[in-house]
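Bear in mind that the values in this text are calculations on the coordinates, not laboratory data. Note that this is a predicted model, so its numbers are computed, not measured. Ideal geometry is used to build each Cβ from the backbone, glycine not excepted, and the neighbour counts take in all protein chains shown.
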Amino acid sequence: MPPSLSTRPATEADVAILLQLIRELAAYEKLSHEVVATEESLRRTLFGPKRAAEALLGCVDGVPAGMAIFFQNYSTFLARPGLYLEDLYVQPAQRGKGLGKALLLAVGRLAYERGCGRYEWTVLDWNTPAIEFYQALGAEMKADWRIMRVTGDALERMAKTNF
């Protein structure tokens with residue numbers, strides 16, 4: 001019998017599993033050294049009064065095995081909100097069962113229900129399985145766009161720079 005797959009909104013009680021999944025994702029992407037998230041910072045930013053993002057958990061037979069973390073953005077060209085998928089992760093032992101697809105579709109459904117004009121995410125250029133998976137679902141790779149990021153000391157310098 002195939003496993004039972006489900007998705008559900010994460011709750012504050014899920015903070016520990018969310019942090020575990022974030023750390024697993026970072027290890028997979030060879031970025032563990034960048035993880036500074038704590039249970040407290042996740043609790044504050046995902047479930048506090050000024051929520052910065054939302055999270056869904058993907059479960060196999062009722063046990064959390066994946067996550068999707070996303071937030072609202074905005075398209076000036078469309079004059080409509082969008083959803084940006086920050087992270088999608090499924091534990092290696094549970095891959096190939098459809099849980100990643102279920103999570104990706106669940107966030108897409110939320111984008112549609114909320115009247116969003118776009119649903120976007122990024123993917124590492126070496127992650128060919130993910131790229132092929134996304135394209136099979138109809139996602140279009142925007143090859144002419146590059147992400148620009150300011151963090152840490154550079155962000156602090158930017159904040160203190162006068163124009």
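Using 0.36 nm per residue of separation minus the Cα-Cα distance, give me the extension gain between F133 and K160 in nm, one decimal.
Extra length available between F133 and K160 comes to 5.5 nm.
By per-residue mean of other Cβ atoms within 10 Å, what is the highest-first order of 109-121, 16-28? Working shown, then result.
Values: 109-121: 14.8, 16-28: 16.5.
Output ranking for 109-121, 16-28: 16-28, 109-121.
Take the alpha-carbon centre of the stretch 1-60, take the same for the stretch 93-133, and report the distance between them in whole Å.
16 Å
How much length would be gained if the chain were fully extended between R114 and V35, taking 0.36 nm per residue of separation minus their Cα-Cα distance, in nm to one decimal?
25.4 nm
If you take every residue apart from G115 with its C-beta less than 14 Å away from the C-beta of G115, what net charge results, scoring Lys and Arg +1 and Asp and Glu -1? Before the final figure, lay out the partial values.
On the way: positive: R80, R109, R114, R118; negative: E113.
Net charge around G115: +3.
What size of dipole, in debye to the nearest 20, comes out for the chain about its Cα centre when the only charges are +1 on Lys and Arg C-beta atoms and -1 on Asp and Glu C-beta atoms?
That gives the chain a dipole magnitude of about 360 debye.
Count of lysine pairs in the chain with Cα atoms under 25 Å apart, counting only pairs 8 or more residues apart in sequence or on different chains? Walk me through the numbers on the way to the answer.
Numbers: K30/K97; K30/K101; K30/K142; K50/K160; K101/K142.
Qualifying lysine pairs in the chain: 5.
Hydropathy at least -1.0 by Kyte-Doolittle, axial extent at least 15 angstrom from the Cα trace: which helices of the chain, defined as entire DSSP H runs, fit? Can you show the working numbers first?
Numbers: long enough: 15-28 (20 Å, 1.50); 99-113 (21 Å, 0.97).
Sorted by number, the helices that extend far enough and score high enough are 15-28, 99-113.
Cα atoms only: what Rg and Dmax, in Å, come out for the chain?
Taking only Cα atoms of the chain, I get Rg and Dmax of 16.8, 64 Å.
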